[in-house]
Amino acid sequence: MTTAILNRHLLAVCASILLFGIQPVIAGGPGNADSDSIQDTYWWVEDIAGAGVVDASHTTVAFMASGRVAGDTGCNRYTGNVTFAEERLEFGPLAGTRRACVPALMNQEDRFYQAMASVVSWRVAETGLLYLLDQAGEAVIRAAPIDQDQF
């Protein structure tokens, strides 16, 4: 495609967003039906507290059926416990490796741990995106599903 055609397509998409607004449609209430829908799942974090993530930083979250959570902050690996109780979700203390990274990744790691500490529930949107929510019901982490081999 030529640049002019790509620019027209981009303009059409942007105009549609401005005219109609695109909001994620979130299925169900906090916690959806039960914890089974996110146990044994793997997620690529796309946003932390509305500030995005460093491109290609490989920030991930995996929920294991064993009641464990694990992943990568973009700088260090982490693991910990996760408890599902009724419509609530609670992370235990997260233990992580202690590599030093560039300041942008260290800052992202700090934001990630702060966001995870504030999570009390979750939702999966009709788009398949996972939203980890704080006490006010605000999304503090948004993640896209990935296969285990991408983790």
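The values are calculated or read from the model by the stated rules, or taken from the named source; none is laboratory data. As the structure is a computational prediction, the values presented were derived from the model and not from experiment. All Cβ positions, even for glycine, are placed from backbone atoms using ideal geometry, and neighbour counts span all protein chains on display.
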Which residue pairs have Cβ atoms closer than 8 Å, lie 6 or more positions apart in sequence or on different chains, and pair a first residue in the stretch 52-72 that is over 29 Å from Ala85 (Cβ atoms) with a second residue that is small (Gly, Ala, Ser) and assigned to a loop (DSSP other than H, G, I, E, B)? Val54/Gly74; Ser57/Gly74; His58/Gly74
Note on Phe91: of the conditions (1) within 19 Å of Ala49 (Cβ to Cβ); (2) modelled with pLDDT of 95 or more, unmet is (2)
Of the conditions (1) small (Gly, Ala, Ser); (2) more than 16 Å from Val45 (Cβ to Cβ); (3) in a helix (DSSP H, G or I), Ala136 fails just one. Which one is it? (3)
From the options Arg88, Arg77, Arg98, residue that is closer than 17 Å to Ile38 by Cβ and not hydroxyl-bearing (Ser, Thr, Tyr): Arg88
With criteria (1) surrounded by 17 or more Cβ atoms within 10 Å (Cβ to Cβ); (2) within 13 Å of the chain's Cα centre (by Cα), Val120 comes up short on (2)
Taking the stretch 65-104 and keeping only residues that are among the small types (Gly, Ala, Ser) and in contact with a Gly (Cβ under 7 Å, 6 or more places away or on another chain), one is left with Gly80, Gly92, Ala95
All positions within the stretch 101-151 that are free of Cβ contacts under 8 Å to residues at least 12 places away in the same chain and farther than 16 Å from Val53 by Cα: Ala136, Glu138, Asp149
Would you point out the residue of the stretch 92-111, among those that are of a type outside the set (S, T, N, Q) and touching a Ser or Thr at 6+ places or on another chain (Cβ under 8 Å), that is surrounded by the most Cβ atoms within 10 Å (Cβ to Cβ)? Glu109
